[in-house]
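Below you'll find the structure, written out as structure tokens, and then a few comments.
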Amino acid sequence: MEKEKSTGYVKKESLYLLIAIALLIGFISGVVFTIYKSPGDNRAQPSTASQEQNGGHNLPAIEKQVTATPNDPEAWVHLGNAYFDSEQFAKAIDAYSKALELAPGNPDVLTDLGVMYRRNGQPDQALVVFDKAIKAAPGHEQSRLNKGVVLLYDKQDQAGAFKVWEELIAINPMAQIPSGQLLKDFMGELQKE
């Protein structure tokens, strides 16, 4: 066998392999550097358990924001949503009510307020608020759906619920309940019972 002479050059395959290794090392180093040195690192964030107890929200930070900007209706809505998600019904009612004092007539906020009244055991007040939402936005679907729920389950008024839901179906024939079932199909099942 013949010995290869050393020419002082690197083979193409070796060069490509060295370039690939260098790129890989550079990429990994960049990722590691970004994770540990970025200003948004997660070490100062509240614990997951704390956020889970508050419906995934950082309640102290939201409450601080409301204190800093007490005339901002959006801050109050955000606080109401945090209380809604963490099932603090009375606090959500207060926050949504304050938001509506500052910016009246928002049908989404009125609907959330109505849901909180229902969950707080105040179905009559929920119906009043749902009616305000419908008056503020006659095509508002969620307020009509929720009003029907209160009428059916809390007031045992199936005829009243069906009347409200028929109005909703006139607005949107494809209206659905939270499970994804068409409202008209759900109503048909209720009639069979």
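Read the figures in this text as sums done on the coordinates, not as results from a lab. Because the structure is predicted, anything quoted here is derived from the model rather than measured. Glycine gets a Cβ as well: all are built from the backbone with ideal geometry, and neighbour counts include every protein chain shown.
Ordered by packing density, taken as the mean number of other Cβ atoms within 10 Å over each peptide's residues, highest first, how do 185-192, 104-111 rank?
The packing order, highest mean first, is 104-111, 185-192.
In this model, which of LYS98/LYS135; LYS147/LYS192; LYS98/LYS155; LYS64/LYS91; LYS91/LYS132; LYS91/LYS147 are farther than 18 Å apart at the alpha-carbon?
Those over the limit are LYS98/LYS135; LYS147/LYS192; LYS98/LYS155; LYS91/LYS132; LYS91/LYS147.
Determine the gain in length on full extension of the stretch ASN172-GLN156; use 0.36 nm per residue of separation and subtract their C-alpha separation, reporting nm with one decimal.
Separation in residues times 0.36 nm, less the Cα-Cα distance, equals 3.3 nm.
R0 = 35 Å: FRET efficiency of LEU23 with ALA61, Cβ-based, nearest 0.05? Walk me through the numbers before you get to the answer.
Working: r = 41 Å, r/R0 = 1.17.
About 0.30, to the nearest 0.05.
If each residue of separation counts as 0.36 nm, what is the full-extension length gain between THR69 and ASP124 once their alpha-carbon separation is subtracted?
Values: separation 55, 0.36 × 55 = 19.80 nm, distance 3.21 nm.
That pair, THR69 and ASP124, stretches by 16.6 nm at full extension.
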